[in-house]
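These notes are about the structure you will find just below.
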Amino acid sequence: MSSAPGSNGCDVAIVGGGLAGGLIALALATRCPQLHLRVIEEGARAGGNHRWSWFASDLNAAGTKLVAPLRKAEWQAGYEVDFPRFRRVLDTRYRSLASHDFAAHLAAALPAGTLVTGKRAEAVAADGVMLPGGERLPAGAVIDCRGFRPTRHLRGGWQVFLGRHLRVDRPHGLTRPTIMDARVDQTDGYRFVYVLPLAADELFIEDTYYQDSPVLDRALLSARLDAYAAAHGWTGTMLAEETGVLPVITGGDFAAWQAESRVPGVARAGAGAGFVHPLTSYTLPFAVETALAVADAFAQTPGLTGTALADLLERRGREHWQAMGFYRLLGTMLFGAADPAERYRVFERFYTLKPSLVERFYAGRSTWTDKARVLSGRPPVPVAAAVRALAGNRPRLYLGAQQQRDSA
Ligand SMILES: Cc1cc2nc3c(=O)[nH]c(=O)nc-3n(C[C@H](O)[C@H](O)[C@H](O)COP(=O)(O)OP(=O)(O)OC[C@H]3O[C@@H](n4cnc5c(N)ncnc54)[C@H](O)[C@@H]3O)c2cc1C
């Protein structure tokens with residue numbers, strides 16, 4: 001057994017039971033079952049209200065094994081993309097996990113008492129977590145997984161979307177996801193609709209924008225989703241809805257960002273620690289990798305201190321930032337060089353490339369040859385504008401008070 005500090009304490013306190021925190025808990029519970037864990041989540045259940053998707057090729061064998069027990073949608077028939085000039089089917093398999101299935105799995109798979117929901121962490125420290133009412137949870141190590149917070153230290157744009165889960169009146173007949181249908185009006189930046197056939201009579205459709213502002217106009221996006229569904233003959237009942245306002249990071253001062261929310265001795269993981277694909281805003285592949293790395297560290301070093309874990313994850317965060325430079329550059333060109341109505345051309349051109357290159361791009365593992373291939377050939381944006389964009393500064397990824405209200 002472990003040496004939990006105090007009778008109410010734990011070896012590892014994970015603050016935030018979202019994607020990153022939940023995956024770390026699962027990885028630790030599997031690999032180091034002797035550790036006493038606590039996951040402190042302020043929401044009524046873990047995971048929030050999300051649907052997380054990824055490509056099978058994003059994960060290695062260990063990552064695939066970690067997510068194998070989760071109930072999820074899996075498509076064997078590849079996926080398609082639709083642009084004004086072409087439609088393409090790629091073989092890569094796609095996966096999608098609903099947060100309520102994630103929450104149910106965490107509740108069932110973690111030892112009783114591990115998951116504490118409806119409790120907000122007021123503050124974190126190297127040796128424990130402050131809870132409401134002066135309660136304190138002592139912990140051998142603390143991992144802060146409280147999600148991304150807008151910051152003045154990073155720059156870029158936003159990916160804004162409204163997604164809707166529908167039960168349709170008649171079978172829709174779709175066999176594979178459409179990851180991007182960019183044949184829709186391109187009025188507010190790069191816009192596409194995303195369609196997942198979750199069952200013969202269930203669809204998830206999402207209207208997504210790569211835009212300069214973080215404002216989500218729910219009524220407008222809702223009307224556009226209605227119009228898209230009607231144009232495809234999909235009528236039925238809405239089962240659930242989700243919204244997202246995610247950062248598309250094109251640059252910034254990563255060291256200053258790390259310093260901004262660093263608490264000495266507290267490890268950080270998830271989107272709030274920078275484990276994100278800067279251009280797609282996806283985090284699942286990196287959350288899986290980080291969870292496995294945390295479990296490896298505890299398995300290899302019994303009694304690993306919170307400070308050692310904090311150093312390890314900070315270093316991994318810096319390495320990840322360095323490895324993502326190419327995607328930040330593409331994001332800079334997407335936002336800075338292309339007129340909003342023309343941004344789709346960047347992805348249209350990208351989707352003419354080899355499937356294996358596309359897979360490595362989404363996984364954040366592009367090779368030098370891939371990068372050269374993406375940047376060579378006839379540019380999808382004017383060269384002079386691209387040069388200007390690269391020389392300039394994108395806006396800060398910071399929400400003013402009004403924007404916070406608009407996007408709430
Ligand atoms: C609607 C939506 C759809 C997305 N779809 C995808 C996708 O398909 N694929 C993909 O890879 N990425 C997707 N993302 C992006 C990204 O993967 C998610 O945002 C992901 O959930 C980030 O994981 P995280 O654990 O860092 O943060 P979160 O999952 O947001 O988890 C943070 C958790 O911390 C909790 N918390 C915050 N403060 C406290 C506190 N003080 N005390 C206790 N708990 C606290 C929150 O309630 C939350 O549950 C999506 C994001 C959104 C919003």
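Here, each number is a calculation from the coordinates, and none is a lab measurement. What you see is a predicted model, and the numbers here were worked out from it, not measured in a lab. Counting neighbours? That spans all protein chains shown, and the Cβs are built from the backbone with ideal geometry, glycine included.
Tabulated data for the structure shown
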{"item": "Computed over the range 215-281, Kirkwood Rh from alpha-carbon pairs, angstrom", "result": "15.7 Å"}
{"item": "Projected label distance in nm at A199 and D296, using a 7 Å step from Cα toward the beta-carbon", "result": "3.9 nm"}
{"item": "Distance from the range 197-257 to the range 12-46 (C-alpha centre basis), Å", "result": "28 Å"}
{"item": "Among P33, P150, P132, residue whose mean-square fluctuation peaks in a GNM of the chain (springs only between Cα atoms under 10 Å)", "result": "P132"}
{"item": "Scattering curve values for the range 170-287, log₁₀ I(q)/I(0), Debye with Cα scatterers, q = 0.10, 0.12 Å⁻¹", "result": "-0.43, -0.58"}
{"item": "Integer Hz, Karplus 6.51/-1.76/1.60 couplings in order for the range 54-59, x for Gly and Pro", "result": "6, 8, 3, 6, 6, 10"}
{"item": "Amide H within-cut-off set for G128, under 5 Å, with H built and near neighbours excluded", "result": "A139"}
{"item": "Added length on full extension, which subtracts the Cα-Cα distance from 0.36 nm per residue, T64 to H232", "result": "57.1 nm"}
{"item": "Directionally averaged shadow of the range 16-114, computed from the convex hull of its alpha-carbon atoms, nm²", "result": "7.5 nm²"}
{"item": "Calculated P(r) tail over 21 Å for the range 239-332, as whole % of Cα pairs", "result": "37 percent"}
{"item": "Projected area, mean over directions - the chain, Cα convex hull, nm²", "result": "19.6 nm²"}
{"item": "Phi-based couplings in Hz for the range 21-35 (Karplus 6.51, -1.76, 1.60; Gly and Pro marked x)", "result": "x, x, 5, 4, 4, 5, 5, 5, 5, 7, 7, 10, x, 6, 7"}
{"item": "Reciprocal of mean inverse Cα separation for the range 300-366 (Kirkwood radius, Å)", "result": "14.7 Å"}
{"item": "Quarter of the Cα convex hull surface for the range 102-245, i.e. its orientation-mean projected area (nm²)", "result": "12.6 nm²"}
{"item": "Protection-proxy order for peptides 203-211, 105-113, each taking the mean of Cβ atoms within 10 Å per residue, highest first", "result": "203-211, 105-113"}
{"item": "Mean separation of Cα contacts under 8 Å, 6 or more apart, over the residue count of the chain: relative contact order %", "result": "20 percent"}
{"item": "Over the range 206-362: Kirkwood hydrodynamic radius from C-alpha pairwise inverse distances, Å", "result": "18.6 Å"}
{"item": "Long-range amide H partners of A240 with built H, under 5 Å", "result": "H165"}
{"item": "Listed peptides 306-318, 151-163, 12-24 by packing density, highest first (mean Cβ within 10 Å)", "result": "12-24, 151-163, 306-318"}
